[in-house]
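Peer 1: Below: one structure in structure tokens.
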Amino acid sequence: MLVKCLVEDSINELLESTIQKTYEGIIEHPIFIKIQPKLTNSHGLHCYPNIRAYERLPSGIDNEFASLVKMEYNDMFHYISISEEGYNNNKITLLEEDVYWNYDCYTQQQINDFPELCYFTHVLTHELQHAWQYDSPHELIRYMHEDKKEIPNLDEHFYRTICEYDAEVEAMNKRREFLDYLLLLQGVSVDESI
Ligand SMILES: [Zn+2]
């Protein structure tokens, strides 16, 4: 499974391993993830571009990645952008009123010590679910709309389309597992009792 992350030097390789471990056999096409300074009107963005459509490769995508996409994946890959503004704002401070989803799945210690990763794992698992939707159109939706009233704290925005609802519910369910595994690889043990 081909994954390339440009988030922070200290965690890029760990992120790549975490995604490979969590999404092997689920997401088929290569995944490129980048913290994006220009993304200011949303927290994350998923695109499914054809690598041959670029006149010049996006910065961070090298020839080796591009060649593999062309040779083995029918020219298609997942391009996920995460807002640099959102990431940095959460790194400095995490004010509850500033985030529109709740963090109740994370331990207080995780929120205190890794606020930017709590933010990041939420946005990333949402965008990775969009990637899964593209790779498995026959299955498309894991969470049915009929259940929507039973999910507390889900922002009104996510009820508007089936894909957004599916991605956000998946993020709420998977983000903690993803963070736990990422921290485990970093050698951080989280005290559940705090
Ligand atoms: Zn979305």
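No lab work stands behind these numbers, since they all come straight from the coordinates. As the structure is a prediction and not an experimental result, all values here were calculated from the model. Ideal geometry is used to build each Cβ from the backbone, glycine not excepted, and the neighbour counts take in all protein chains shown.
Peer 1: Going by how many other Cβ atoms sit within 10 Å of their own, how do 19, 51 line up, fewest first?
Peer 2: Numbers: 19 25, 51 22.
Least crowded to most crowded, the residues run 51, 19.
Peer 1: Output the peptides 56-64, 176-184 sorted from most to least packed, where packing is the average of other Cβ atoms within 10 Å over each peptide's residues.
Peer 2: Details: 56-64: 11.2, 176-184: 18.9.
So the order, starting with the most tightly packed, is 176-184, 56-64.
Peer 1: Measuring from the lowest to the highest alpha carbon on each principal axis, how far does the stretch 3-185 reach, largest first, in angstroms?
Peer 2: Here the spans come out as 44, 39, 31 Å, largest first.
Peer 1: Would you list 165, 48, 134 from fewest to most Cβ contacts within 10 Å?
Peer 2: Taking fewest neighbouring Cβ atoms as first place, the list is 48, 134, 165.
Peer 1: Relative to the Cα centre, what is the charge dipole magnitude of the chain, using +1 at the beta carbon of each Lys and Arg, -1 at the beta carbon of each Asp and Glu, and rounding to the nearest 20 debye?
Peer 2: 520 debye
Peer 1: Tell me, 172, 76, 71 in order of fewest to most beta-carbon neighbours within 10 Å?
Peer 2: 71, 76, 172
Peer 1: Positive end of the charge dipole of the stretch 1-139 (Lys, Arg +1 and Asp, Glu -1 on Cβ, about the Cα centre): tell me which of 109, 83, 58 has its Cα farthest that way.
Peer 2: Looking along the dipole axis, the top candidate is 58.
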